[in-house]
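Undergrad: This is the structure I have questions about; it appears just below.
The values are calculated or read from the model by the stated rules, or taken from the named source; none is laboratory data. Everything numeric in this text was worked out from a predicted model, so none of it was measured. Cβ placement follows ideal geometry from the backbone for every residue including glycine, while neighbour counts extend to all protein chains displayed. In case anyone asks, the SASA skips ligands and DNA or RNA and just uses the protein heavy atoms, side chains included. Shrake-Rupley method; radii C 1.70, N 1.55, O 1.52, S 1.80 Å.
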Amino acid sequence: VPVLLLGERGSGKTTLANYLRAESPFQKLKGEGWPSVVCGQFRTTPQLARSELFGHVKGAFSGAEKQRIGLLEKADGDTVFFDEIADIDRDTQRLLIAALEGRGFYPLGGEQAVRSQFRVICATNRTLEELATTLLDRDFFDRINSVVIQVPALRDCTADIPLAWRAVLSQATQIA
């Protein structure tokens, strides 16, 4: 089911998303990283969002000199992580609905639907009320919030600080 992670910046939403994927059967791309996108990069360029997510065919727009497979097609059998989901424009949200429902999607300029089965995890530092009332298309919102997890700020979980500190210190001191 889709998971929506809510929490302040720095609360560990991405870490939790990584954990959820690691415990999920949807993790086809082992060792290669996993399909994720920082949605803020699309704030001013919806065309880029559609190309990145759905792909495009050669000649679909100026500069499309070859076909490009999109993130959703690459994610078949895996989990897709949308960081700061509220930054995706409403038109792209509507296009994502069909993909989330398993009906497929069309690459930019494409004439054939592509089907991809994936799990979705979304994260944002916005409130549930903001998402539902002003930031997300209502139909899209309904499809990404099957499970909502409020990730508390670290200041509210002081007992976790020693464990988190050891993990950060261990990572920082590892020789690559």
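Undergrad: Give me the distance between the Cα centres of region 1-17 and region 99-139, rounded to whole Å.
TA: Between the Cα centres of region 1-17 and region 99-139 lies a distance of 17 Å.
Undergrad: Another question, then. Helix 90-100 versus the longest principal axis of the chain: what angle, 0 to 90°, nearest 10, using Cα atoms?
TA: 90
Undergrad: Still on this structure, I have one more. Accessible area, 1.4 Å probe, largest first: how do Lys13, Lys28, Lys58 sort?
TA: Lys58, Lys28, Lys13
Undergrad: Now, a different point. How many nm separate the modelled label positions at Thr133 and Arg166, each set 7 Å beyond the Cα in the direction of the Cβ?
TA: 4.4
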